[in-house]
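This report concerns only the one structure given below.
The values are calculated or read from the model by the stated rules, or taken from the named source; none is laboratory data. Since we're looking at a predicted model, the values are computed, not measured. With ideal geometry, Cβ positions are generated from the backbone for all residues, glycine too; neighbour counts draw on all protein chains shown. We work out accessible area using only protein heavy atoms, side chains counted, and drop any ligands, DNA or RNA first. Shrake-Rupley method; radii C 1.70, N 1.55, O 1.52, S 1.80 Å.
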Amino acid sequence: MSHSTDAPDNTVRPITEGRPPELLPLGGGAHLRRRRLADAAELNAAVIANLAHLRPWMPWAGQAPTMAESEQLSVSGEKVWEQGTDFMYLLGLDDEPAKVIGGFGLHGRIGPGALEIGYWVHHEHTGRGLATAAARALTEAALALPGIARTEIHCDETNAASAAVPRKLGYALDRIELAPPTAPAETGRKMIWVTEG
C-alpha cells in the first residue's frame, strides 16, 4: 500500500512554545483572566447584553448565542490555549470576580512570529481606558513569548473607538487592506496596526 506525500499537513502547531500569564492585573480595579468553561454563563450574559453595541463591528454578533454555544466557545478557548495557537481572556472587575465586561484574545492567525490582538468592551464600561490598558498588557505579554516578535491590531477604518487603542499604544499604521465587509458597519477597508518587540 502506497502513501502519498502530497497530502496536506493539517497538524495543529503552536504559534509559540510559551504561554502568557493566566491573570493580567490592569490597575484601576480591572484585570484580564484566562477564559474558562466556568465563565460560560457570564460570557453568554455579557454578549447578549451587548449585541446592539457589538453587531456593527463583530460578524459573530448577528444573533444572541445560546448557552450551549457559549459553553462550546469556552471549551474551544481552553483547547487552543493548551495547543498554544490562541490565548483567550475575559475582562473583569476585581470587586466582582465572576462578572464579564469584555472579551480579549491573542490570535495566531496572522502567521509565524506574530499574534493579533482582538477585543470588545461592555457598552457600560467604554471610555474608561480599559481596552487600552488591556491591549497594552496583552502586547507586553505577547512580545515576551518565545518566537513572538510582532503584534497587530486590525479594525475597520471607520471604527474610531477600536483604532484609538493602537494609536494610544504607539502602534504604527502599517497599511490598509481591502477585504469584503463581514459586519454591517464595515467599509471593507481594514487598518493593520503593528508594533514589534
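A few notes on this one:
- Mean shadow area of the range 100-197, taken as a quarter of the surface of its Cα convex hull (nm²): 6.4
- Within the accessible surface of the chain, defined with a 1.4 Å probe on protein heavy atoms only, the carbon and sulfur portion equals 55 percent.
- Against the rule of thumb 2.2 N^0.38 Å, how large the Cα Rg of the range 6-96 comes out: 1.27
- Using the Cβ of Arg189 as centre and a radius below 15 Å, the other residues enclosed give a net charge of -3, where K and R count +1 and D and E count -1.
- For Glu96, the solvent-accessible surface with a 1.4 Å probe is about 80 Å², rounded to the nearest 10.
- With a cut-off of 19 Å on the backbone N, the residues of the range 132-151 near the modelled label site 7 Å out from Glu17 along Cα-Cβ are 142-150.
- Area of Lys190 that stays accessible when all protein chains are in place (1.4 Å probe, Å², to 10): 70
- Model label points for Glu69 and Arg167, set 7 angstrom from Cα along the Cα-to-Cβ axis, are 3.2 nm apart.
- The H on the amide N of Thr85, modeled in the peptide plane, is under 5 Å from the matching H of Ile15, each at least 5 residues off or on a different chain.
- Debye log10 I(q)/I(0) at q = 0.17, 0.20 Å⁻¹ for the range 59-101, Cα point scatterers: -0.64, -0.83
- Backbone phi angles across the range 81-98, fed through the Karplus curve with coefficients 6.51, -1.76 and 1.60 (θ = phi - 60°), yield HN-Hα couplings of 4, 5, 6, x, 9, 8, 10, 9, 10, 10, 8, x, 10, 4, 8, 9, x, 8 Hz in residue order; Gly and Pro are listed as x.
- 11 Å beta-carbon shell around Asp156, net charge (K/R +1, D/E -1): -1
- Think of a 1.4 Å ball rolled over the protein heavy atoms: the chain then has 51 Å² of accessible area per residue.
- Computed [θ] at 222 nm, deg cm²/dmol, the chain (DSSP H ≥ 4; -39,500 (n - 2.57); rounded to nearest 500): -8500 deg cm²/dmol
- Rg in Å to one decimal, and Dmax rounded to a whole Å, for the chain via C-alpha atoms: 17.2, 64
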